[in-house]
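Asker: Structure provided below as structure tokens; questions to follow.
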């Protein structure tokens, strides 16, 4: 069964590979060595963001990132940079707590909200690649027809992830 410019099986494989690559980028960012000053600065920035956090703020932040990832070529670079930068936040918390950053990042990714969030990002990243592929294969029209469904699926994944993330924040704070 074909969805857009490729079969459903190939699309699912591309989403899976994109998701795994994004997790690797996050883990790479978490392995960065930060000075004490850099760690404190990053943690301060995150603390300010978390002051009046709610489900909708989490969702809209993540949805904007995913929409950015849809942009062919540029989205891959921008999304990779954002995910890498997020990994450095785990490096900062690691420097402060002494807990290995890979554990912190891995725990976040493997949490119920993390899995859904990264699947949403993987879906966005793979769609950006498929738009490029479809344009080369002269099947862009078929891919553009699928785009609203992809965006809706991303939104569903990211909204569910945001609700679960907010629940975890409330439970552990």
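The values are calculated or read from the model by the stated rules, or taken from the named source; none is laboratory data. Everything numeric here is computed off the predicted structure, so don't read it as measured data. Don't worry about glycine lacking a Cβ; one is built from the backbone with ideal geometry, like all the others, and counts go over all protein chains shown.
Asker: Looking only at region 56-69, count every residue that is crowded, with 21+ Cβ neighbours inside 10 Å and closer than 14 Å to residue 124 by Cβ and tell me the total.
Answerer: Looking only at that region, the number is 3.
Asker: Also, I was wondering about something else. Applying the selection to region 38-75, what residues are touching a residue at least 40 places away in the same chain (Cβ under 8 Å), within 18 Å of residue 18 (Cα to Cα) and either assigned to a loop (DSSP other than H, G, I, E, B) or more than 11 Å from the chain's Cα centre (by Cα) (or both)?
Answerer: Passing the criteria: 70, 71, 72, 73, 75.
Asker: Mind listing whichever residues of region 150-172 are out of contact with any helix residue (DSSP H, G or I) (no Cβ under 9 Å at 6 or more places or on another chain) and more than 22 Å from residue 14 (Cα to Cα)?
Answerer: If the condition is that a residue be out of contact with any helix residue (DSSP H, G or I) (no Cβ under 9 Å at 6 or more places or on another chain) and more than 22 Å from residue 14 (Cα to Cα), then 170, 171, 172 are the ones that fit.
Asker: Restricting attention to region 116-139, which residues are buried (at least 17 other Cβ atoms within 10 Å of the Cβ) and either at positive phi or without any contact (Cβ under 8 Å) to a residue 60 or more places away in the chain (or both)?
Answerer: Answer for region 116-139, where residues must be buried (at least 17 other Cβ atoms within 10 Å of the Cβ) and either at positive phi or without any contact (Cβ under 8 Å) to a residue 60 or more places away in the chain (or both): 116, 117, 120, 124, 127, 128.
Asker: A further question follows. Report, by residue number, each residue of region 147-169 that is modelled with pLDDT under 95 and touching a strand residue (DSSP E or B) at 6+ places or on another chain (Cβ under 9 Å).
Answerer: Correct list: empty.
So that you can scan it fast, the table gives a plain yes or no per residue for (1) loosely packed, with under 15 Cβ neighbours inside 10 Å; (2) within 29 Å of residue 138 (Cβ to Cβ):
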position	(1), (2)
8	yes, yes
18	no, yes
27	no, no
44	yes, no
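Asker: So, in region 96-111, how many residues would count as being surrounded by fewer than 20 Cβ atoms within 10 Å (Cβ to Cβ) and farther than 15 Å from residue 19 by Cα?
Answerer: Matching residues across region 96-111 total 9.
Asker: Would you check which residues across region 6-37 are touching a helix residue (DSSP H, G or I) at 6+ places or on another chain (Cβ under 9 Å) and not in a helix (DSSP H, G or I) and list them?
Answerer: Residues satisfying the conditions are 6, 31, 32, 33, 34, 35.
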